[in-house]
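Okay, structure first, notes after.
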Amino acid sequence: MPLADELLLQQFKAGDARAFRALVERYAPALYRAAVRLVLDPMEAENVVQETFLRVVTSLDRIQLKKPFKPYVYRIAINLCYDYGRKKKPIPFAELDRAAKSSSEEPQSEMILDEAPAVWEYLEKEALAHQVNSAMQKLSASYRAVIVLRYFEEFSYEEIAQSLDIPLNTVRTHLRRAKQELRMHLGKENILSARNDTDTTPRVYLPGLQSAKGS
């Protein structure tokens, strides 16, 4: 069984470099996926991950072992993404898909197809990914962060609150408003609505965006 984060940190504080490497291997891929979605720049996403773990090392004496490490390390990475977002130049629209494809994350949508040809599935996936990437960039940094953490990294509300250092109710509010904005940008009827019985178009769903109810 893998050692708990807190035990690895304790071992690293005691001078075991292997414990730190284990933490890097555990969290670096997920942090990179999240950073790519937030900054849309693969090279900058790598820099974010490297700087994140550098800050973990430099702040090791201040890390509280009684608190979960996962939200702590994500908070560092997301703040670095925010810093990058305040400095960066606008990204050309054509770069959106290339940046998203550079990471190894799971597909951005779950597609349910009714015996549709493979080529149709491919075209639908490509078109939807393009529109999702474009819509995500129209959200504010804080709204984009809650969407990424909730639906792509599958964080609980409590983990999101800890990672973003905001109250739990603020997480719920941001998530609800972020989904509302995404629905608006994506064009509700042609992407988020289920087909009617006579429509032969495959049904496409985005996680957490099918209904305006709930958060």
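Structure values in brief
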item: Residues of segment 49-88 satisfying the condition of being among the small types (Gly, Ala, Ser) and assigned to a helix (DSSP H, G or I); result: ALA77, GLY85
item: Residue in segment 189-196 that is modelled with pLDDT of 85 or more, of a type outside the set (A, V, I, L, M) and outside any loop (DSSP other than H, G, I, E, B) present; result: no
item: Qualifying positions in segment 61-71 - within 16 Å of VAL148 (Cα to Cα) and either touching a Pro at 6+ places or on another chain (Cβ under 6 Å) or buried (at least 19 other Cβ atoms within 10 Å of the Cβ) (or both); result: PRO71
item: Cβ pairs under 6 Å, 6+ apart, first in segment 161-185 and touching a residue at least 24 places away in the same chain (Cβ under 8 Å), second of a type in the set (Ser, Thr, Tyr) and in a loop (DSSP other than H, G, I, E, B); result: ARG172/SER215; LEU175/SER215; ARG176/SER215
item: Criterion violated by ASP114 - all others in (1) assigned to a helix (DSSP H, G or I); (2) at pLDDT below 95 satisfied; result: (1)
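The values are calculated or read from the model by the stated rules, or taken from the named source; none is laboratory data. Keep in mind it's a predicted model, so treat the numbers as computed, not measured. No Cβ is skipped: glycine too gets one built from the backbone with ideal geometry, and neighbour counts run over all protein chains shown.
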